[in-house]
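Every number in this text was worked out from the coordinates using simple rules, so none of it is lab data. The structure displayed is predicted, hence computed values, not measured ones. Every residue, glycine as well, gets a Cβ built from its backbone with ideal geometry; the counts of neighbours run over all protein chains shown.
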Ligand SMILES: Cc1cc2nc3c(=O)[nH]c(=O)nc-3n(C[C@H](O)[C@H](O)[C@H](O)COP(=O)(O)OP(=O)(O)OC[C@H]3O[C@@H](n4cnc5c(N)ncnc54)[C@H](O)[C@@H]3O)c2cc1C
């Protein structure tokens, strides 16, 4: 049996190399461009370039987001997950609150003194509203095991896949806001049932949710101990505003 | 799903009529160029996002480097990775031959779209993890300039496998392997299960494993169309027709141990055009067999298994169509939003479908009760007798339910060990397989496509070592047994 297996491998290898050779033969006929550089050829080449450039730009956009979401391994090794997480959030333009400390806004950053000071202090709250956090960048937040309050409002790259990871914060998380996240849908909300300690959840203004009212009811059923702020609150506010602005116009001014 | 299929069919019909007047044959080259340039201009003009999804020239080219038989998710994935991994832009000419562009019988669109890492074989877990990464970043992998992003509709709700006392040890072992490979899976006791999912009756359940991340279900159509759109933009050629014959030559050789073997090489694939008696030969260097449930037939066409039984020459590709039913039911008191895909120890599975208390599920029949795969008709008694009783036992709320719809599809069932067949045939030296994945081919397609492309281009697996899935295992009798099959 062993011998036959060896020979089989031999055959497989042979076949692979010979097929590659055949392949390169098949590739060649490009050389038969006898017609010269016709106008059509020129146009085709030219358009290829434009397309390639646009594809490159598209890829670059995606790369930019990835780069922004890299972890700071050095800081993590040196100062632990809390400082690394806080540094990441501040760098992204968010705000953090260490336990028994004031909020730190993004503009300020961390001094080297604080780096050392906060090494052992858990992060209690993170406000990452509008930040470019994605699946990969979430690593930094998921390492904050004492995190109680997290706001991901209007984060353009937070999607259902990200929500699928929040179970890692199930022991601590009490407050979560996803309001205005364009890529969060009811499918992702379904896995928030892991967050059994959640007391407040904001899921208002989610454009990707197909039926917001039904979704809110189902989420409330799923998380009975949690106050869910959903669509009607935001809608009510918007309606209220509209009424207010309409009022003076609709009531004719007595002459 | 049906509506979409109809819509597609309609759209194709319109297109086909519109372009029916175009000539083929000698002017093909010219036509190709013109349409190519047209497409490019269209894509650059503002608002020109609408692109015909289907190739205009209905005749396949006379030559291609790689011919892929079957335009389902596996065939398209192989095409994608071949183009993506080619050394120079446009180096390989890839042709995908698909006999039915409405995909009315293709398993891909008839599947339930699940993805999970809860397998027992490390290879399957790795394939699934790779695919999850692919699906997560689908809009980067399959981005096409000017086309809207894909909405995969991924439900990250996880799979919940239940085990009896007898199966508990196996489950524990499997979970250990899954965790080693990097999957996020947790074990649950019946007590924990009751707390988390109060609608489950835990009688007879000793242990459960629950996937926390990267598991759930998605829209197979979206993946299929996304791949189609992308490979088309990469220059892959499409042709609607059926592969009916291979023209090959053979050479006799002797192995080191003195056995005589006949090596075959396919030179030409004959494609029968849709709705006509016309045959078009396509010269090619490599053939990829991705014909799903029909790949056994394709292999036979190429001469696989024609020889004395017990020899390598006489070893067939053990892939055949097996009919599987999927039922969709409504149950107002059914499990809520938190419900994962539940795989019961009886073999019955179900999951939520949308928000309106709809659920879908089914069960694989026992080996001796396999239905006739001749057509795709649904057996409603099967639900009443085989699916519903264990289902209602496990989830008592399902005692009152109303079946609303049902359909059937074919598993590309590998009768040998229910696992995929990947890589070259040892004797038909330029035929590669990407088939036989039984109930889990959809979720593994992104990774399998890559593995096959690596095999074709480099001669060996690079990202994931799939040697246990090579064809030779059928001859050697080495089963790659998977314990977690639905
Ligand atoms: C009910 C059901 C549920 C499933 N659930 C899941 C799931 O949850 N998760 C999962 O991962 N997988 C699932 N699967 C399995 C999965 O659907 C398949 O493994 C996968 O789709 C196979 O892809 P394919 O491209 O090989 O096959 P297909 O999609 O069947 O494509 C093969 C194509 O080849 C074409 N073809 C055949 N012969 C020829 C020929 N001679 N010439 C030209 N073209 C030809 C056919 O027209 C067809 O379109 C399920 C399958 C079924 C039936």
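Short-range pairs are left out: with C-alpha atoms under 8 Å and at least six residues apart, the relative contact order of chain B is 20 percent.
For the modelled label position 7 Å from the Cα of residue B:100 along Cα-to-Cβ, which residues of the stretch B:259-286 have backbone nitrogen atoms closer than 13 Å? The answer is none. Helical runs assigned H by DSSP (4 residues or longer) give chain B a calculated mean residue ellipticity at 222 nm of -9000 deg cm²/dmol, each run adding -39500 (n - 2.57) before division by the residue total. Ranked for footprinting exposure by Cβ neighbours inside 10 Å, fewest first, A:226, A:155, B:275, B:186 give B:275, B:186, A:226, A:155. Between residue A:54 and residue B:462, the FRET efficiency estimated from the beta carbon spacing at R0 = 30 angstrom works out to 0.50. Sorted into 10 angstrom bins from 0, the C-alpha pair distances of the stretch A:53-121 split as 19, 44, 21, 12, 4, 0 percent.
In the stretch B:294-447, the C-alpha radius of gyration followed by the widest Cα-Cα span (Dmax) gives 18.9, 59 angstrom. Helix B:122-136: angle to the longest alpha-carbon principal axis of chain B, degrees 0 to 90, nearest 10? Rounded to the nearest ten degrees, it is 80. If you wrap the Cα atoms of the stretch A:148-241 in a convex hull and average its projected area over all directions, you get 5.4 nm².
Between the helical axis of B:28-44 and the longest alpha-carbon principal axis of chain B there is an angle of about 50 degrees.
Dividing the convex hull volume of the alpha-carbon atoms in chain B by its residue count gives 159 Å³ per residue. In angstrom, the C-alpha Rg and Dmax of the stretch A:135-203 are 10.7, 27. Over the stretch A:74-135, Cα pairs under 8 Å with separation of 6+ residues give a relative contact order of 40 percent. Working note: Cα gyration tensor of the stretch B:99-228, eigenvalues times five, square-rooted, sorted largest first, giving semi-axes of 32, 16, 14 Å.
Quick one: helix B:441-458 against the long Cα principal axis of chain B, what's the angle to the nearest 10°, folded into 0 to 90? It is inclined by approximately 40 degrees.
By DSSP, the beta bridges lying fully in chain B are antiparallel in about 75 percent of cases. Counted by neighbouring Cβ atoms within 10 Å, the residues B:329, B:393 run from fewest to most as B:393, B:329.
Going by neighbour counts of Cβ atoms within 10 Å, the residues B:166, B:264, B:176 line up, fewest first, as B:166, B:176, B:264. Rounded, prolate or oblate: which one fits the stretch B:205-296, using the alpha carbon gyration tensor with axes a ≥ b ≥ c (rounded when a/c is under 1.5, else prolate when a/b beats b/c, else oblate)? Note, shape of the stretch B:205-296 comes out oblate.
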